[in-house]
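The values are calculated or read from the model by the stated rules, or taken from the named source; none is laboratory data. For clarity, every value in this text was computed on a predicted model and none was experimentally measured. Neighbour counts run over all protein chains shown; Cβ positions are idealised from the backbone, glycine included. Just so you know, the surface numbers come from the protein's heavy atoms only, side chains and all, with ligands and any DNA or RNA stripped out. Shrake-Rupley method; radii C 1.70, N 1.55, O 1.52, S 1.80 Å.
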Amino acid sequence: PTAGLHFTDEVLESIGESNMNQLTLHVGAGTFMPVLSKDARDHRMHAETFCVNVRELKTIVNALERGKPLVVVGTTSTRTLESLFWLGVKRIRGLSLGDNATNLVLEQFEWIPLSVGDGKYISAAESLKALIEGKEDDDMISGRTSLMITPNSYKFRVIDHLITNFHAPDSTLMLLVSAFLGKQTNIKEIYEGAQARGYR
């Protein structure tokens with residue numbers, strides 16, 4: 001993610017390799033398309049492909065089970081992890097995961113029906129474990145997601161903290177950041193404060 005471009009070698013070294021995981025979301029033009037509809041839920045989110053190594057997911061599951069907070073770098077990483085959570089819920093519920101076993105699919109608002117009933121009690125660790133069950137460390141979990149995270153409705157299930165860049169005010173990325181910050185936070189004040197401190 002571009003948010004990670006700000007990390008110097010010194011910062012990465014101080015974090016330590018054992019505290020970092022990598023995943024890939026192939027960002028499409030849809031991420032940067034402005035939301036032009038009055039109601040963001042009417043905006044069509046284009047699907048983007050993701051790929052993550054099972055070994056990386058096992059490390060994340062281990063951290064979750066130990067109660068370590070997940071600090072996620074970038075909105076694309078956030079979307080990928082949250083998508084993987086809902087795909088795990090689909091697997092736990094015995095629902096179709098997509099085109100085939102290796103190409104998982106999550107639609108734009110598919111998380112809504114998944115979040116009711118037992119879906120609201122499934123932990124991030126349980127869900128991710130369901131996705132990697134029976135897989136080897138070098139296997140890859142891949143698919144595509146159209147997950148659109150909007151304020152006032154989405155509850156984050158995997159991430160605890162988010163490090164991100166500045167985003168266009170009419171973008172789906174800004175909606176995700178606003179959803180993460182919650183109703184109590186004035187995003188305009190946060191942006192102005194960051195700019196006043198010299199953040200870019």
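Data overview
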| quantity | calculated |
| --- | --- |
| Some residue of segment 102-111 being open to solvent by 10 Å² or more (accessible area, probe 1.4 Å), touching a helix residue (DSSP H, G or I) at 6+ places or on another chain (Cβ under 8 Å) and at pLDDT below 85 | no |
| Any hit, segment 81-98, residues being in a strand (DSSP E or B) and more than 24 Å from SER178 (Cβ to Cβ) | yes |
| Residue list for segment 187-200, restricted to those being loosely packed, with under 10 Cβ neighbours inside 10 Å and of a type outside the set (Gly, Ala, Ser) | LYS188, GLU189, ARG197, ARG200 |
| Residue within segment 185-193 that is of a type outside the set (A, V, I, L, M) and under 21 Å from LEU106 (Cα atoms) present | no |
| Odd one out for LYS183 among (1) open to solvent by less than 70 Å² (accessible area, probe 1.4 Å); (2) under 22 Å from LEU70 (Cα atoms); (3) at pLDDT below 90 | (1) |
| Qualifying positions in segment 119-138 - open to solvent by less than 60 Å² (accessible area, probe 1.4 Å) and in a helix (DSSP H, G or I) | GLY119, ALA124, ALA125, SER127, LEU128, ALA130, LEU131, ILE132 |
| Hey, LYS155 of a type in the set (D, E, K, R) and not in a loop (DSSP other than H, G, I, E, B) or not | no |
| Cβ pairs under 7 Å, 6+ apart, first in segment 185-200 and within 14 Å of PRO169 (Cβ to Cβ), second modelled with pLDDT of 85 or more and open to solvent by 50 Å² or more (accessible area, probe 1.4 Å) | ILE187/LEU181 |
